[in-house]
Amino acid sequence: MTPLLLSHFTATSCLGRGLDPILRALRERRGGLAACTFDTVDVATCVGEVAGVDAVRLPQALAPFDCRNNRLALLGLEQDGFANAVRAAIAQYGAQRVAVILGTSTSGILQTELAYRRRDPASGALPPDYNYHTTHNTHSLAAFTRRYFGLRGPAATISSACSSSARVFGSARRMIAAGVIDAALVGGVDSLCLTTLYGFNSLELVSDEACRPFDSQRNGISIGEAAAFALLERAPPRPAPDAVLLLGTGESSDAYHMSSPHPDGLGARMAMQDALRMAGLQPADIGYINLHGTATPTNDAAEGKAVNAVFGRHTPCSSTKGATGHTLGAAGGLEAVICALALRHQFLPAGINTRELDPALHVDYLLEHCEQPLARAISNSFGFGGTNCSLIFGRAEPA
Amino acid sequence: MIPIALDACIEGIGLLGPGFSSWPHARPILEGKQPYQPQPTVLPTPALLPAAERRRSGAIVRLTLATGLEAVTAAGLDAATLPTVFASSGGDGETCHAICEMLASSDRRISPTRFHNSVHNAAAGYWSIATGAMAASSALSAHDASFGAGLLEAVIQAAVDGTRTLLLACDTRYPQPLHGARPMLDAFGIALVLAPQAGVRSLARISVALSAAGADTLDDPALERLRLGVPAARGLPLLRALSLSQDGPVVLDYLDDTRLAVTVAAC
């Protein structure tokens, strides 16, 4: 593929608002997970909750879109000057030439969960203030964002569980290559809700402590929430040396099981190999792997096998979910931003919470932070339904 | 840069909806040779799924598998080789309702199967399990614009990546009380096999562009109600043009301020 420029990017998670707190937390090996006190949830687990989401107010004209997911989206868009960068892109290209392609798994479903507690006792109807279209519907996120910027180009919300906001990069790549648009606002937002907390708990996939990816004693995920965005454009002939480029995308399906990965990570392997092929790179060209690394016994085992099959055991890798939690449909976007930060600032983030590496996983899992040159990184995102996506990012010029 | 022509050849069609049991059955109705008689959509049991998955499969899975298989069979292709684009306004409505009802009750222990069926891409996941398709599968929503968004994504994928792509555009109803908040006429699905180049099985070539023109409507009031009553049925004007083997432009609903102009031509 022709490399695309991530001209701007930002992320907001339990580590804080915008890039600076993420960068600091990663360098200091700090996490943002804490005991769950969300709503009325009685699951004994840790979550990565973003502080202050409830205080965010949507503009009056967009009030029907008000829900936790869109509040988090707005909070995220307004960090690091990202919204202004989008407006500059619109001024440069036109409102019809900038697409909005965002990922989410549960959108504003919390709004429906809360509305079901307020059903009319006689008729069973939902309360009159409930608005399905603008809150719960999967597309609420991209529709809100498109309206917020007054965009008039193509829009879609990708919802393929935990690969959602990785896949948006593939969709944007194709749309830019087709010449339908000049830029795409990509990324993802997922927010805490009862469906995922009780759902993953029912599958016995939720840890009772802060999650420990690739640990021999790992016992499940910690659910987080995040808003992560990037502006993708064609790269100029001479990008800045520290510019971050999208070099390849790889997508595959397990065709195996709805909620368990292929035991040998076959689909995951295909996604990584596809991304390498599209980027015209060899495994040895990759300096860091941001693992999907959810910390469930089966997910990490399958990914470990897949990474080993493609890269051998000497490519540094880590999961940053020990710090951020598993932000589900936002994870691909958030971890793309983490890879972009690692490339811009030249470091390899260590995984945290992991005490003893699982000796059965034959990969070079980083437990110590490394400040070192990094030219290219790959980010893995896998999800229910056996959906896999790998993204390769690179620095315009090696440091 | 030179924009790539956004076109693809249709090699297979699958259709299921109220009063439509297949594409061959629907064709004379859309041509206007037979009257449209709406009947509740009949969803076949997906024989392709293993017994355990078959039992768990909801309406959206049955609809997706039935329409997808019809299209792929008509195209004479092996489903295992095809990447897919799954477009749906909201995924599995029955599952969503059941989960929200339990979460509002005193016992929040929702079933694990219900939970994994609740993801928007569940039907796409079952499709890949049923057919053994390990290629890429995109799952998207654009509310009422879901058919347009799916068609655009699928045509672009075929044109840019030079690969055959199966579009699966399917919607099913929510039960009450969500049905009141998001009414939908009935289950309706369209599947299209799109190929980058013309071949022996090509039915027509379509090219797609964004447009400000108004969307085409259907003359029959019941068909027009269907078009407006289910997001996937916004693709009906395209199927009507295909049924008539009629060259020319068709304008499909897409986003509130943007439509898709689809030019149909013989291959």
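The values are calculated or read from the model by the stated rules, or taken from the named source; none is laboratory data. Keep in mind that what you see is a predicted model, and the values were worked out from it rather than measured. Cβ atoms come from the backbone with ideal geometry, glycine included; neighbour counts cover every protein chain shown. We work out accessible area using only protein heavy atoms, side chains counted, and drop any ligands, DNA or RNA first. Shrake-Rupley method; radii C 1.70, N 1.55, O 1.52, S 1.80 Å.
Annotation: A:Ser160 fulfils all but one of (1) of a type in the set (Gly, Ala, Ser); (2) surrounded by fewer than 24 Cβ atoms within 10 Å (Cβ to Cβ); (3) facing another protein chain (nearest Cβ under 8 Å); the unmet one is (2).
Is it true that A:Tyr132 is at pLDDT 95 or above, aromatic (Phe, Trp, Tyr) and open to solvent by less than 10 Å² (accessible area, probe 1.4 Å)? In short, yes.
Looking at region B:41-58, can you tell me whether even one residue there is polar (S, T, N, Q), surrounded by fewer than 18 Cβ atoms within 10 Å (Cβ to Cβ) and touching a helix residue (DSSP H, G or I) at 6+ places or on another chain (Cβ under 8 Å)? Yes - at least one qualifying residue is present in region B:41-58. Give region A:163-186 a look and list any residue that's β-branched (Val, Ile, Thr) and within 10 Å of chain B (Cβ to nearest Cβ), or say none. Hits for region A:163-186 are A:Val168, A:Ile176, A:Val180, A:Ile181.
Which of the residues spanning region A:129-151 are facing chain B (nearest Cβ under 9 Å) and not polar (S, T, N, Q)? Matches in region A:129-151: A:Tyr130, A:Tyr132, A:His133, A:His136, A:His139, A:Ala142, A:Ala143, A:Arg146.
Would it be correct to say that A:Ala88 is in a loop (DSSP other than H, G, I, E, B), hydrophobic (A, V, I, L, M, F, W, C) and open to solvent by 30 Å² or more (accessible area, probe 1.4 Å)? When the stated conditions are applied, A:Ala88 does not pass them. The one condition from (1) in a helix (DSSP H, G or I); (2) in contact (Cβ under 8 Å) with a residue 40 or more places away in the chain; (3) not aromatic (Phe, Trp, Tyr) that B:Ala98 does not meet is (2). Of everything in region B:67-103 that is over 21 Å from the mean Cα position of the chain (by Cα) and open to solvent by 40 Å² or more (accessible area, probe 1.4 Å), the residue that is nearest to B:Pro175 (Cα to Cα) is B:Glu101. Within region B:119-166, the residues that satisfy the criterion of being at the interface with another protein chain (Cβ under 7 Å from one of its Cβ atoms), small (Gly, Ala, Ser) and more than 25 Å from B:Ile99 (Cα to Cα) are B:Gly132, B:Ala133, B:Ala135, B:Ala136, B:Ser137, B:Ala149, B:Ala159. One residue stands out among those in region A:91-115 that are more than 30 Å from A:Ile176 (Cα to Cα) and open to solvent by less than 10 Å² (accessible area, probe 1.4 Å): the one that is farthest from the other protein chains (Cβ to nearest Cβ), which is A:Ala115. Does B:Ala139 satisfy the condition of being among the hydrophobic types (A, V, I, L, M, F, W, C), modelled with pLDDT of 95 or more and either surrounded by fewer than 24 Cβ atoms within 10 Å (Cβ to Cβ) or more than 16 Å from the chain's Cα centre (by Cα) (or both)? Here the answer is no, as B:Ala139 does not meet what is asked. Residue check: A:Leu126 meets all listed conditions (1) surrounded by 21 or more Cβ atoms within 10 Å (Cβ to Cβ); (2) among the aliphatic types (A, V, I, L, M); (3) over 22 Å from the mean Cα position of the chain (by Cα); (4) more than 7 Å from chain B (Cβ to nearest Cβ) but one, namely (4). Please enumerate the residues belonging to region A:379-399 that are within 30 Å of A:Ala240 (Cβ to Cβ) and open to solvent by 10 Å² or more (accessible area, probe 1.4 Å). Correct list: A:Arg395, A:Ala396, A:Glu397, A:Pro398, A:Ala399.
Scanning region B:235-252 for residues that are more than 14 Å from every other protein chain (Cβ to nearest Cβ) and either under 19 Å from the mean Cα position of the chain (by Cα) or open to solvent by less than 60 Å² (accessible area, probe 1.4 Å) (or both) yields B:Gly235, B:Leu236, B:Pro237, B:Leu238, B:Leu239, B:Arg240, B:Ala241, B:Leu242, B:Ser243, B:Gly248, B:Val250, B:Val251.
Comparison of A:Arg71, A:Arg29 shows that the only residue that is among the basic types (Lys, Arg) and buried (at least 20 other Cβ atoms within 10 Å of the Cβ) is A:Arg71. Kindly provide the set of residues from region A:343-360 that are assigned to a loop (DSSP other than H, G, I, E, B) and either within 19 Å of A:Ile22 (Cα to Cα) or open to solvent by less than 20 Å² (accessible area, probe 1.4 Å) (or both), ordered by number. Scanning region A:343-360 gives A:Gln346, A:Phe347, A:Pro349, A:Ala350, A:Gly351, A:Ile352, A:Asn353, A:Thr354.
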